[in-house]
Amino acid sequence: MSEISKLDQNLIIKKIDKETINLQITNNEMLMSIVGQFDQNLKDLSKYTKTNVFFRGNSITCKGKKENLSVFCEAIKFLIGKYFVTKIIEKEDILLSVKKNMELEKSNVKSFKQLIKTPRKSVIARSEKQSDYIKALKENDIIMSLGPAGTGKSFLAVSVGVSLLLEKKIERVILSRPAVEAGEKLGFLPGDMKEKVDPYLRPLYDALYELFGAEKIDKKIETGEIEIAPLAFMRGRTLKNCFAILDEAQNATETQIKMFLTRIGENSKLVVNGDPSQIDLINKSQSGLIKSKDIIKHLKEIKIVEFDHNDVVRHPLVSKIISAYQKRSTDDQG
């Protein structure tokens, strides 16, 4: 048996024969995170890489075709790099670690360069486009992102906004979206204004709670450091020293998006996110997202990032579902 590589004294890979390798991870905490509860992460890796994986002590034995063994090794290396940076391995990281033909996964340095630290977790880019998006969020004053559900448009924007707030580079994070029902009539909603609009803004709350924790978020909402409001409340304001996100912008008109963009003030960033395929307006032609993108795309100060189904980082089925609907839409138009 010959040792073929050794990474930072945490991973030793040995070739047993042409279809068998043995990996030893010397850091026990890292090993447990990579293996997962009830060895589930290894089971998933085995399925994704089409290999047979056996685990005992700090030793992982992998059997399979040469090319699949290589994929498995690279996946383990990626997960070790992820653990070094974030101290946690999440379910989504397992699939990400074995994705092929993505430049991001070929370089751990690039993968973890766009790290976002928040109180409850560290967030990294999970695709090439996400890396570009995070870079744009940090470097540009106005960012517009378009693409399907599950590509991280809102979550990453909220993550960057929260991190800037923690670093005291801004004074407030403002989260907004049009109060438009998603294809169904909800009828009269009881309560005060906050209670009436909260159902529309729930996805933004979910992202904040995941990053901060409910108790801290509620306190910051009380102090005004985080403000969540419907788009209509933005009219007439000048947004200074803040990070403002307009979510679900496909349900805003061209006039409304223009109104939001022109709120920008000193030391502020504005983000407009939307999915052109999920317009909930009764008259879909009133959506101003694509129109606004075409109007402002020539302005070099504004960065536009467009995602597609290949960038989906939710459950693997989400990407397939989006592709199926896109195909049906194309067939119907044809």
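Numbers below:
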item	result
Where Ser277 falls short, out of the listed (1) at pLDDT below 90; (2) in a helix (DSSP H, G or I); (3) of a type outside the set (D, E, K, R); (4) within 22 Å of Gly152 (Cβ to Cβ)	(2)
Residues being assigned to a loop (DSSP other than H, G, I, E, B), farther than 21 Å from Val271 by Cβ and at pLDDT 60 or above - total across segment 98-118	1
Selected residue (criterion: farthest from Lys15 (Cα to Cα)) from residues of segment 53-93 that are assigned to a helix (DSSP H, G or I) and aliphatic (A, V, I, L, M)	Val85
Complete set of residues in segment 134-176 that are more than 11 Å from Asn273 (Cβ to Cβ) and assigned to a strand (DSSP E or B)	Ile142, Arg172, Val173, Ile174
Among the candidates Ser176, Ser127, residue that is buried (at least 17 other Cβ atoms within 10 Å of the Cβ), at pLDDT below 80 and among the hydroxyl-bearing types (Ser, Thr, Tyr)	Ser127
Residues located in segment 235-257, provided they are in contact with a helix residue (DSSP H, G or I) (Cβ under 7 Å, 6 or more places away or on another chain) and over 19 Å from Glu167 (Cβ atoms)	Arg235, Leu246, Asp247, Ala249, Gln250, Ala252, Thr253, Glu254, Gln256, Ile257
Output for segment 226-270, where each listed residue is surrounded by fewer than 18 Cβ atoms within 10 Å (Cβ to Cβ) and assigned to a loop (DSSP other than H, G, I, E, B)	Arg235, Gly236, Arg237, Thr238, Lys240, Asn241, Thr262, Gly265, Glu266, Asn267
Segment 252-302, residues that are of a type in the set (Phe, Trp, Tyr) and within 13 Å of Leu146 (Cβ to Cβ)	none
Test: Ile217 is of a type in the set (Val, Ile, Thr), outside any helix (DSSP H, G or I), modelled with pLDDT under 90 and touching a strand residue (DSSP E or B) at 6+ places or on another chain (Cβ under 7 Å)	no
Residue count, segment 21-39 (criterion: within 23 Å of the chain's Cα centre (by Cα) and either without any contact (Cβ under 8 Å) to a residue 12 or more places away in the chain or assigned to a helix (DSSP H, G or I) (or both))	2
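Quick grid of which residues meet (1) modelled with pLDDT of 85 or more; (2) within 24 Å of Asn267 (Cβ to Cβ):
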{"residue": "Gly147", "(1), (2)": "yes, no"}
{"residue": "Thr151", "(1), (2)": "yes, no"}
{"residue": "Gly187", "(1), (2)": "no, no"}
{"residue": "Glu227", "(1), (2)": "yes, yes"}
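The values are calculated or read from the model by the stated rules, or taken from the named source; none is laboratory data. Computed from a predicted structure; not experimentally measured. Backbone-built Cβ (ideal geometry, glycine too); neighbour counts: all protein chains shown.
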